[in-house]
Amino acid sequence: MANASSKKISAANQQTLINLRNGFIGVNVMSRKKGAIYFLWRIVYHWDSFTFSQFFLYLTTGGLTALFYRVLKSSGTPTFAANGSLISSGEDLNSEGLTAYMFDIIYVTWFVHITTAFISNKFWLAYLSIPAYAAYKLVPMAMSYFGKAKGGAQEDKVEGQSKRQAKLEKRANKGQVKYGR
């Protein structure tokens, strides 16, 4: 029974890796097939709008996607013994954290490759969503670390003392008697 969870993770990882491989092949074959026509169109008819940076961006982002695929494949591939029993299910590819971010970057890359091949080069700007999301996640964490560590705790003390003093003054104005030692 304890091995059932590992078998489920192993089966899910294998299916995820198959889906990633099929998506990677599908996107790059479509982009490469359309890409050849696209580049010829740009070179022959619109030479002044064809740039080396477009080709460089395609190769760089394709390489990044291939790197992330290899990392996910190596960490998520289950290992089996010679008799077919499961030794290790690999890391869970459905987990949160860095694994999920790698999947997100792969999906954004596929989107950009398809849209730039078929629609417009302006879709390269969709890559700005990656650092924007990183800033969205990191800025509040940095603000809480730098802001609360110095100024935030002092403000809470000042507010806490002033509230306490206000309560004490309110009690004193009610005519309550304080007994001291």
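The values are calculated or read from the model by the stated rules, or taken from the named source; none is laboratory data. Remember, predicted model here, so these are calculated numbers, not experimental data. Counting neighbours? That spans all protein chains shown, and the Cβs are built from the backbone with ideal geometry, glycine included.
Key figures for this structure:
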quantity: Filtered residue count, the stretch 92-103, keeping only those that are surrounded by 13 or more Cβ atoms within 10 Å (Cβ to Cβ) and either modelled with pLDDT of 80 or more or small (Gly, Ala, Ser) (or both); calculated: 4
quantity: ILE25 vs. criteria closer than 16 Å to PHE111 by Cα, modelled with pLDDT under 80 and in a helix (DSSP H, G or I); calculated: yes
quantity: Selected residue (criterion: farthest from ILE106 (Cα to Cα)) from residues of the stretch 72-91 that are surrounded by 10 or more Cβ atoms within 10 Å (Cβ to Cβ) and of a type in the set (Gly, Ala, Ser); calculated: SER88
quantity: Residue in the stretch 135-146 that is surrounded by 11 or more Cβ atoms within 10 Å (Cβ to Cβ), at pLDDT 85 or above and of a type in the set (Phe, Trp, Tyr) present; calculated: no
quantity: Residue list for the stretch 54-89, filter: modelled with pLDDT of 75 or more, closer than 17 Å to ALA12 by Cα and of a type in the set (Gly, Ala, Ser); calculated: SER74, SER75, GLY76
quantity: Selected residue (criterion: nearest to the chain's Cα centre (by Cα)) from residues of the stretch 28-53 that are within 20 Å of LEU125 (Cα to Cα) and modelled with pLDDT of 65 or more; calculated: ASN28
